[in-house]
Amino acid sequence: MVLNAVLNAKGIYYKMLNRQIRELIAKGETVITLENVLGQRYIGGGLKANVIININGTPGQDLGAFMNGPEITVHGNVQDGIGNTMNSGSIVVHGKAGEIPGHSMRGGKILIRDDVEYRAGIHMKEYEHQIPRIVIGGTAKDYCGEYMAGGRVVVLNRFDEKEPVGNDIGTGIHGGVIYIRGNVEKRRLGVGAIIAEMDNEDVLFLQNVLNDFTAAFPYVELSHITINDFMKITKKGHRPFANLYAPAMNIKTKKPIHLNLTPPCTYACPGGIPTPVFINLIKDGKIKEAQLLMDEYTPLRMSVCGTVCPAPCMDACSRNMIDGPMNIPYLAREYYPDFNPAVYGKPKDKTIAIIGAGPAGLSAAWQLARRGYKVTVFEKTSDIGGKVRMAIPKDRLPDEVLYKDLNRIKSLPIAFKLNTAVDKQLFTKIHEEFDAVLVATGAYISRTLQVRGGERIISGLEFLVGINEGNPMDLTGKDVVIIGAGNVGMDIACESWRHGAKSVTAIDIQKPLAFGKELDMAKSFGTQIVWPRNIEYIDEGYVHFTNGQELKADVVFISIGEKPDLSFLGDSVMVNERGAIVTGQKSFKSSDPKIFACGDIVKPGLITDAIGMGRLAGMEIHATLSDEDFIYPEKTLVPKRRINIAYFGGETREVDRCISCGTCIFCDKCVEACPQGAITRNGEIFTIDSELCTACYTCVNICPRGALQPGDFDAVVQDVLFKK
């Protein structure tokens, strides 16, 4: 039940007014309207309640100070200190604001329709999920974002002023982000602030801000504002003012430890490729060793890592904090091996059958054959490669690129049984004759949509396979709708344009999962992406949605994932409700101890996911047949705040740009910086003298790569898991 109360604030002393507001809340009022407000201070101050307060007039200083939950709307201007140390809730101002809006703000949001004065967002901070935001519809004066430690300040500059902010923007900033629409000259930045590149996360955030602002001020015109108009300002480096501090009283008791942690690129790579180690070998002139290292992780380095992978490693790269990510696909291509792989393991009498010659099966076969096992791969089509060969458009993956990898795989002593579909009878025979069986048949049965007119829907995967097999569909002049806006959906969109489509629209029920090169290419053709949309029915010419809208559709493709065909399996293999093989936790062994599984038949993912799973499945099979324990490799991500980016910038060669995050390169900065001379290095062994070390952690703070950590390893893991 909504209870409304109206208070006439004319002539009421601010303490009495705030007392009356609290009394109304205590009585259960949920909406309070204040009329004739003029200068009363601290309205909403310290309130912790789910209440809506509408203010007609001009409230005084510190509106919403220490507020924790209420929603305040002001129909007029506000004075200084709005949202001072505010913890949660919202303040919407249909007018201007004075100085220090959002001072020390810790959570919630403030939306101001027009201009603000000096020091907007000073001392803002954030903690875990609480990220406060101030959105300024007009302009801001000097010292915007001064001493920010977190949060977001957005200046919309909706009247297109030439100077949307004053001078000394972000002075002393050591956390958070300032977004300003319009041109910001570097000379206006304060000490410690830099202009940074926008990423996809920034774009999504700003789009949400514009939507939020429109909802708060529906009468305000924002159609002229685009995301490309904004500049991003943030802190310079990890700790821009670290050199201003020196350790005083030491309260730490454990000396630092030297150990390598997982770099962000390796952590993000489903194949676990240790890119910094690869690059460090190249920098040392050990090209052959670097290429052999590649072979330990993937047989598809040129076609996948160097060409079609959406490169999550680049999204995670710490160089994004400086000048853009490492061009890891380029390095994969540039230092591609010019030799065939060799079998390094002693010949073994154990035999292994692999069903499926896609990326997962080939990755496992590669690992096992090089270890000396007798490997036989059963493949139902006429060649190896799976979806990499059949479903990726040749514009993105030409045959000459793909077959560089496939021919290296074929050079190994692997028996390929092509044009051999495995049915129940053959599977039973394979199970009897081989010492281990790996099922890696992928997922090729397109999921269906149970709606009226669903018979019109065409498998997007079959469309792509048909193109690569020389049987393309003619889409000349057709309006194409794609159900599913993931990366495969973007491939379908691009091929639809190439085969004559008049228009292409991808729809999804959720935020689209497409990203990277596939998304960029599809958009460049003119693909429209619409979400969220739920289909009600499909008729001869349209797709009809549950919201009453419709979309013209001559052809409807579906790309919401595929299901595996496991009809050939015996009863000894457990299959879950999704039709996938059930494996043990951190294991690829099925309910039948002789049968292993990997790739899309276990869990759908990227091609690199399949490659990584194939590698680990091969390692587990090797361990099992060798009567050894299989230890699933764990990753411990080096915290980004441990990367000291102040040492980097201006490098010319691509290999020199790698920070080598989490991986020591023996730069000896810790040895040189230790004030007690407690650290020594002998080759690759670091020694920290317990008697000399005072645990000042100067070495920890100066290490450019985060290879020195505070305390013992358990503390490091806690630091990584809970304090990123």
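So here's what we get for this one:
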| read-out | value |
| --- | --- |
| Those residues of the range 534-546 which are more than 31 Å from the chain's Cα centre (by Cα) and part of a strand (DSSP E or B), in sequence order | Glu536, Tyr537, Ile538, Tyr542, Val543, His544 |
| Selection count where residues are closer than 15 Å to Met86 by Cβ, among the hydrophobic types (A, V, I, L, M, F, W, C) and either within 40 Å of the chain's Cα centre (by Cα) or surrounded by fewer than 23 Cβ atoms within 10 Å (Cβ to Cβ) (or both), scope the range 28-50 | 2 |
| Flag if Thr139 is among the hydroxyl-bearing types (Ser, Thr, Tyr) and open to solvent by 30 Å² or more (accessible area, probe 1.4 Å) | no |
| Residue within the range 300-312 that is of a type in the set (Ser, Thr, Tyr) and open to solvent by 20 Å² or more (accessible area, probe 1.4 Å) present | yes |
| Candidate set from the range 163-190 (those that are surrounded by fewer than 17 Cβ atoms within 10 Å (Cβ to Cβ) and free of Cβ contacts under 8 Å to residues at least 24 places away in the same chain); member that is farthest from the chain's Cα centre (by Cα) | Arg187 |
| Of all residues making up the range 215-224, the number that are surrounded by 12 or more Cβ atoms within 10 Å (Cβ to Cβ) and either modelled with pLDDT under 95 or touching a Phe, Trp or Tyr at 6+ places or on another chain (Cβ under 9 Å) (or both) | 2 |
| Exclusive hit being under 32 Å from the mean Cα position of the chain (by Cα), modelled with pLDDT under 90 and of a type in the set (Asp, Glu), set Asp508, Asp520 | Asp520 |
| Qualifying positions in the range 270-293 - assigned to a helix (DSSP H, G or I) and farther than 20 Å from Arg319 by Cβ | Ile287, Lys288, Glu289, Gln291, Leu292, Leu293 |
| Residues of the range 378-398 satisfying the condition of being open to solvent by less than 60 Å² (accessible area, probe 1.4 Å) and either assigned to a loop (DSSP other than H, G, I, E, B) or acidic (Asp, Glu) (or both) | Glu379, Thr381, Asp383, Ile384, Gly385, Gly386, Ala391, Ile392, Pro393, Arg396, Leu397, Pro398 |
| Candidate set: the range 653-678, residues that are among the β-branched types (Val, Ile, Thr) and within 26 Å of Tyr267 (Cα to Cα); chosen: the one surrounded by the most Cβ atoms within 10 Å (Cβ to Cβ) | Ile659 |
| Residues (open to solvent by less than 10 Å² (accessible area, probe 1.4 Å) and touching a helix residue (DSSP H, G or I) at 6+ places or on another chain (Cβ under 7 Å)) located in the range 89-130 | Leu111 |
| Test: residue in the range 88-98 that is among the basic types (Lys, Arg) and farther than 29 Å from Arg641 by Cβ | yes |
| Residue count for the range 493-518, restricted to those that are more than 25 Å from Asn471 (Cα to Cα) and either part of a helix (DSSP H, G or I) or open to solvent by 20 Å² or more (accessible area, probe 1.4 Å) (or both) | 9 |
| Positions within the range 109-132 being more than 20 Å from Asn208 (Cα to Cα) and either touching a Leu at 6+ places or on another chain (Cβ under 7 Å) or in a strand (DSSP E or B) (or both), in sequence order | Tyr127 |
| Residue that is most open to solvent (accessible area, probe 1.4 Å) [pool: residues in the range 402-423 that are within 18 Å of Gly618 (Cα to Cα) and outside any helix (DSSP H, G or I)] | Pro413 |
| Test: Asp323 is more than 22 Å from the chain's Cα centre (by Cα) and not in a helix (DSSP H, G or I) | no |
| Contacts under 7 angstrom Cβ, first residue in the range 333-348 being of a type in the set (A, V, I, L, M, F, W, C), partner open to solvent by 50 Å² or more (accessible area, probe 1.4 Å), 6 or more apart | Val343/Pro413 |
| Residues of the range 72-82 that turn out to be buried (at least 21 other Cβ atoms within 10 Å of the Cβ) and modelled with pLDDT of 95 or more, as a count | 4 |
| Leu293 being open to solvent by 10 Å² or more (accessible area, probe 1.4 Å) and more than 24 Å from Asn340 (Cα to Cα) | no |
| Residue satisfying condition, being open to solvent by less than 60 Å² (accessible area, probe 1.4 Å), over 25 Å from Ala501 (Cβ atoms) and modelled with pLDDT under 90, within set Ala617, Ala580, Ala597, Ala623 | Ala580 |
| Complete set of residues in the range 447-461 that are buried (at least 18 other Cβ atoms within 10 Å of the Cβ) and in a helix (DSSP H, G or I) | Gly460, Leu461 |
| Any hit, the range 260-274, residues being more than 30 Å from Thr687 (Cβ to Cβ), crowded, with 22+ Cβ neighbours inside 10 Å and not β-branched (Val, Ile, Thr) | yes |
| Residues of the range 338-369 classified as open to solvent by 10 Å² or more (accessible area, probe 1.4 Å), more than 20 Å from Ala421 (Cβ to Cβ) and not aromatic (Phe, Trp, Tyr), total | 12 |
| Any hit, the range 424-434, residues being in contact (Cβ under 8 Å) with a residue 12 or more places away in the chain and in a strand (DSSP E or B) | no |
| Flag for Arg371 being touching a helix residue (DSSP H, G or I) at 6+ places or on another chain (Cβ under 7 Å), of a type in the set (Lys, Arg) and over 30 Å from Ile645 (Cα atoms) | yes |
| Which numbered condition Arg681 fails, given (1) touching a strand residue (DSSP E or B) at 6+ places or on another chain (Cβ under 8 Å); (2) open to solvent by less than 30 Å² (accessible area, probe 1.4 Å); (3) not in a loop (DSSP other than H, G, I, E, B) | (2) |
| Verdict on Cys703 being modelled with pLDDT of 85 or more and in contact with a Cys (Cβ under 7 Å, 6 or more places away or on another chain) | yes |
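The values are calculated or read from the model by the stated rules, or taken from the named source; none is laboratory data. These numbers were taken from a predicted model, which means no experiment stands behind them. When we count neighbours, we look across all protein chains shown, and the Cβ atoms used for this are built from the backbone with ideal geometry, even at glycine. The area values use the complete protein model at the heavy-atom level, side chains included, leaving out ligands, DNA and RNA. Shrake-Rupley method; radii C 1.70, N 1.55, O 1.52, S 1.80 Å.
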